[in-house]
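Participant: The structure's right below; bear with me while I get my questions together.
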């Protein structure tokens, strides 16, 4: 299976008050950590969708095998970044692994487990399960790209996952609940 990992990192982090992508954690920005994790996974290609302060973000992931896409419509919400990524994915790609940069405990092994599960069921979406929910990182087969392109506003791909819950494959990942949205979420230790 050919998989494209997509890091959705275009937002302005209004709740945090500063770009969360550049928040430092263990010596690296959250964006750089996510990009390095994606690059070390079995994803065939890694794409980062940038918007707010794109030049600063771009320089932060320089030197990695990451194809950068700028989203001039980033103020329209995460759906605009998803649409920007999906329209640029190579025709050889069988699926899009959507991820964000603020899940502090994301590991290569979890991304690879999602890719492995997708390889066993390539016509089904595969999502991370945490709390009472399923979410990103999540892998969408090409057959669902059309539905991702219909997303609007500041709503992510969870809507597509829920629409296909009867075929959704989930992998437990309790650490998915730990993310950065507000100042108290910024890690001082872990």
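Every number here is computed from the coordinates shown, using simple stated rules; none is lab data. Just so it is clear, the structure is predicted and the values come from calculations on it, not from any experiment. Here the Cβ positions follow ideal geometry from the backbone for every residue, glycine too, while neighbour counts run over all protein chains shown.
Participant: On average over all directions, what projected area in square nanometres does the stretch 69-136 have, based on the convex hull of its Cα atoms? Let's see the in-between values first.
Facilitator: Working: hull surface 23.5 nm².
The Cα convex hull of the stretch 69-136, projected and averaged over all directions, gives 5.9 nm².
Participant: Can you tell me the 0 to 90 degree angle between the C-alpha axis of helix 108-120 and the longest principal axis of the chain, rounded to 10?
Facilitator: 20
Participant: Could you work out the mean projected area of the convex hull around the alpha carbons of the stretch 1-110, in square nanometres to one decimal? Intermediate values should be presented prior to the final figure.
Facilitator: Working: hull surface 26.5 nm².
If you wrap the Cα atoms of the stretch 1-110 in a convex hull and average its projections, you get 6.6 nm².
Participant: From Cα pairs below 8 angstrom and at least 6 apart in sequence, can you work out the relative contact order of the chain, rounded to a whole percent? Present the calculation step by step, with values, prior to reporting the outcome.
Facilitator: Working: 385 pairs, mean separation 49.1, N = 190.
Relative CO of the chain lands at 26 percent.
Participant: Rank these for me by crowding, 123, 102, 44, going from fewest to most other beta carbons within 10 Å. Display every interim value, and only then the final one.
Facilitator: On the way: 123 12, 102 24, 44 16.
Arranged by neighbour count, lowest to highest, 123, 102, 44 become 123, 44, 102.
Participant: Above 19 angstrom, tally the Cα pairs of the stretch 101-182 and express them as a % of all pairs, no decimals. Present the calculation step by step, with values, prior to reporting the outcome.
Facilitator: Numbers: 1188 of 3321 pairs.
Everything past 19 Å amounts to 36 percent.
Participant: Taking Cα atoms, how many degrees apart are the long axis of helix 30-40 and the longest axis of the chain, rounded to 10 and kept between 0 and 90?
Facilitator: Relative to the chain, helix 30-40 is tipped by roughly 40 degrees.
Participant: Can you compute the helix-only [θ] at 222 nm over the chain? Use -39500 (n - 2.57) per DSSP H run of at least 4 residues, normalise by all residues, nearest 500 deg cm²/dmol.
Facilitator: -7500 deg cm²/dmol
Participant: Also, I was wondering about something else. Viscosity 0.890 mPa s, temperature 25 °C: give me the Stokes-Einstein translational D for the chain in µm²/s, with Rh taken as the Kirkwood radius over C-alpha pairs.
Facilitator: Numbers: Rh = 16.3 Å.
Result for D is 151 µm²/s.
Participant: Rank these for me by crowding, 28, 104, 150, 97, going from fewest to most other beta carbons within 10 Å. Display every interim value, and only then the final one.
Facilitator: Working: 28 14, 104 19, 150 10, 97 27.
So the residues, fewest neighbours to most, are 150, 28, 104, 97.
Participant: Please arrange 169, 100 by counting, for each residue, the other beta carbons lying within 10 Å of its beta carbon, fewest first. Before the final figure, lay out the partial values.
Facilitator: Working: 169 17, 100 24.
Going from least to most buried by this count: 169, 100.
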